[in-house]
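Working notes, structure below.
The values are calculated or read from the model by the stated rules, or taken from the named source; none is laboratory data. Nothing here was measured: the structure is a model prediction, and the numbers come from that model. All Cβ positions, even for glycine, are placed from backbone atoms using ideal geometry, and neighbour counts span all protein chains on display.
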There are 2 protein chains.
Amino acid sequence: MSEILKNESFAATAPIEVRQLIRQGKFKRPTAGVSAGFAQGNLVVLPQKYAYDFLLFAQRNPKPCPILEVSDVGSREFRLTTKGSDIARDIPLYRIYKNGEYVDELESVQDYWSDDLVSFLLGCSFSFEAPLMDADIEVRHIAENRNVPMYITNIETTPAGIFSGPLVVSMRPIPYDQVVKAVTITNQLPEVHGAPVHIGDPSIIGIHNIDQPDFGDAVTIKPGEVPVFWACGVTPQAAVMRSKPDFVITHAPGHMFITDVKNSHLSS
Amino acid sequence: MSEILKNESFAATAPIEVRQLIRQGKFKRPTAGVSAGFAQGNLVVLPQKYAYDFLLFAQRNPKPCPILEVSDVGSREFRLTTKGSDIARDIPLYRIYKNGEYVDELESVQDYWSDDLVSFLLGCSFSFEAPLMDADIEVRHIAENRNVPMYITNIETTPAGIFSGPLVVSMRPIPYDQVVKAVTITNQLPEVHGAPVHIGDPSIIGIHNIDQPDFGDAVTIKPGEVPVFWACGVTPQAAVMRSKPDFVITHAPGHMFITDVKNSHLSS
């Protein structure tokens, strides 16, 4: 990746252009802040035999798993939200899980593709970061140019078929006097995780070291700030690790699929 | 049904008591206005082989098909929303479809039950009628003690697998000066169809005679009132008629499953 691309924010770049850069191997980092205003999504790709159980798991756990689109069987395109997309190449970094174990991280999953795969696109908290910033709430991991910190909690999801697992959350430190605003803004965006699941003391939800996230990077929590936790689209990956389907492709945490749908159109 | 039961509104009766009366054959009419404040649901029961396609159809068409719960395979209980319920007996009137044709209407479907059936409970516009009435908006079909009028439109749903079909809507006449209030109130309840899909001239959405609904009863539209149309949970029945799965059980239009969940808890 050239130095120019490293330093660009891509906030104003159209999704289709960013996806092209990703396909060309020119964009290889987390996608927070990229194509501001457009919905980004978590990816889960499974063989068809698991698709019903996973769709039901998502239906029963809409806060961590808000479904934006489900592909047709075998299709590599999210044709409803992102015409012309290539699910196997349009994400900067993928993960492969076999029997619940993370076995590989790579920039394209073309070689792993087969005709019985079904792809799920799940809403992502990055979609509510632009509205937070519009309301003058600093999003720390963007300000510090890191991946968002994510934690496995002691809250159980509602199981469905073979899938069960703990709720995973993302965290943003918010000044006391902006907490209510952060809640009300995100509450209006149920398609991208909605209102927080927890505010304050991390130990209440089973997080014992806020400086050691299970996924992503730690961020600074300044004096006068409260850690605020939102349901996270990495939750399905925790369910995959516990439920051990024989084969799964996901995005790497923080490296999202960028859709052509504006966040403001998600609920219409 | 005794004269007493006929004249009671059951607005203040607990859902479990109404379900008991239904099981005992003592309550045999549409459920609008019953157990006010509690969510009612549309029922669709299908063999497991169709469950994935139907769940995806619902996911792609959340306005007419907002899922409240999906049963486990073979279970007759909606255990998450309504513990102790009996899906085969707790609705006043059921319909049986074979190969897309409506073949029977009956008060219990116990004799039709089998272990490979999956039950879908979909949000119902009756859930937003109490909030409308709380805001002093008259709900005409309740005032006139009729079933809500429902119409097949010229709007197509988004197909999924074998399922496709036209959007079905329910209609309530609203005075001009209350239309905006009716929109904003229902917009806050996406789990039960949300905001209207159309306001005014019925012909725009393919309804050519407002006095002849396709399901339910016609209601009076007074001078100074506008017909307002909401997506309706009978939409899956229209999809069943077109898509012709070999066997389906549904509720009869207007005769709903009454859950133990308050409308105010649906989005939490």
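General remarks:
- Filtered residues of the stretch B:163-188 (kept if farther than 23 Å from B:GLU225 by Cα and at pLDDT below 95): none
- Residue count for the stretch B:84-107, restricted to those that are part of a loop (DSSP other than H, G, I, E, B) and touching a residue at least 40 places away in the same chain (Cβ under 8 Å): 12
- Residue that is farthest from the other protein chains (Cβ to nearest Cβ), among those in the stretch A:87-108 that are β-branched (Val, Ile, Thr) and over 26 Å from B:ASP53 (Cβ atoms): A:VAL103
- Some residue of the stretch B:46-61 being over 20 Å from A:PHE54 (Cβ atoms), touching a Ser or Thr at 6+ places or on another chain (Cβ under 8 Å) and either facing another protein chain (nearest Cβ under 10 Å) or in a loop (DSSP other than H, G, I, E, B) (or both): no
- Evaluating A:PRO175 against the criteria (1) within 14 Å of chain B (Cβ to nearest Cβ); (2) out of contact with any Phe, Trp or Tyr (no Cβ under 9 Å at 6 or more places or on another chain) leaves one unmet condition, (1).
- Close pairs from the stretch A:134-147: first under 16 Å from A:VAL180 (Cβ atoms), partner at pLDDT 95 or above and not in a loop (DSSP other than H, G, I, E, B), Cβ under 6 Å, at least 6 apart: A:ALA135/A:LYS181; A:ILE137/A:GLN178; A:ILE137/A:ALA182
- Verdict on B:VAL18 being within 14 Å of another protein chain (Cβ to nearest Cβ) and either modelled with pLDDT under 95 or closer than 23 Å to B:GLU191 by Cα (or both): no
- Residue match in the stretch B:7-28 (condition: surrounded by 18 or more Cβ atoms within 10 Å (Cβ to Cβ) and under 15 Å from the mean Cα position of the chain (by Cα)): no
- All positions within the stretch B:62-83 that are under 17 Å from the mean Cα position of the chain (by Cα), more than 18 Å from B:ARG19 (Cα to Cα) and in a loop (DSSP other than H, G, I, E, B): B:PRO62, B:LYS63, B:PRO64, B:CYS65, B:PRO66
- Members of the stretch B:213-238 found to be among the aliphatic types (A, V, I, L, M), under 22 Å from B:ALA39 (Cβ atoms) and in contact (Cβ under 8 Å) with a residue 60 or more places away in the chain, listed by number: B:ALA231, B:VAL234
- Among the residues of the stretch B:42-63, the ones that are at pLDDT 95 or above and in contact with a His (Cβ under 9 Å, 6 or more places away or on another chain) come to 2 in all.
- For the stretch B:181-209, filtered to residues that are in contact (Cβ under 8 Å) with a residue 60 or more places away in the chain and of a type in the set (A, V, I, L, M, F, W, C), the residue that is nearest to B:PRO149 (Cα to Cα) is B:VAL197.
- For A:ALA130: the one exception among (1) farther than 19 Å from A:CYS232 by Cβ; (2) of a type in the set (A, V, I, L, M, F, W, C); (3) assigned to a helix (DSSP H, G or I); (4) more than 14 Å from every other protein chain (Cβ to nearest Cβ): (1)
- Considered as a group, the residues in the stretch B:70-86 that are under 21 Å from B:ASP53 (Cα atoms) and either touching a Lys or Arg at 6+ places or on another chain (Cβ under 9 Å) or surrounded by 18 or more Cβ atoms within 10 Å (Cβ to Cβ) (or both) include one that is farthest from the other protein chains (Cβ to nearest Cβ), and that residue is B:ARG76.
- The stretch A:187-218 - residue that is aliphatic (A, V, I, L, M) and under 15 Å from the mean Cα position of the chain (by Cα) and, of those, surrounded by the most Cβ atoms within 10 Å (Cβ to Cβ): A:VAL192
- Set side by side, the residues B:ALA36, B:ALA32 differ, and just one is over 28 Å from B:THR157 (Cβ atoms), part of a loop (DSSP other than H, G, I, E, B), more than 14 Å from every other protein chain (Cβ to nearest Cβ) and within 18 Å of the chain's Cα centre (by Cα), which is B:ALA36.
- For A:LEU43, the conditions (1) touching a helix residue (DSSP H, G or I) at 6+ places or on another chain (Cβ under 8 Å); (2) crowded, with 23+ Cβ neighbours inside 10 Å; (3) away from chain B (no Cβ under 14 Å) all hold with the exception of (1).
- Any hit, the stretch A:218-231, residues being away from chain B (no Cβ under 14 Å) and within 23 Å of A:TYR102 (Cα to Cα): yes
- In the condition set (1) farther than 21 Å from A:GLU69 by Cα; (2) within 14 Å of another protein chain (Cβ to nearest Cβ); (3) buried (at least 20 other Cβ atoms within 10 Å of the Cβ), A:TYR151 is compliant with all but (2).
- Residue within the stretch B:94-109 that is of a type in the set (A, V, I, L, M, F, W, C) and buried (at least 21 other Cβ atoms within 10 Å of the Cβ) present: yes
- Flag if B:SER119 is more than 11 Å from chain A (Cβ to nearest Cβ), within 30 Å of A:THR157 (Cβ to Cβ), in a strand (DSSP E or B) and modelled with pLDDT of 95 or more: yes
- The set of residues from the stretch A:6-27 being assigned to a loop (DSSP other than H, G, I, E, B) and without any contact (Cβ under 8 Å) to a residue 12 or more places away in the chain comprises A:GLU8, A:GLN24.
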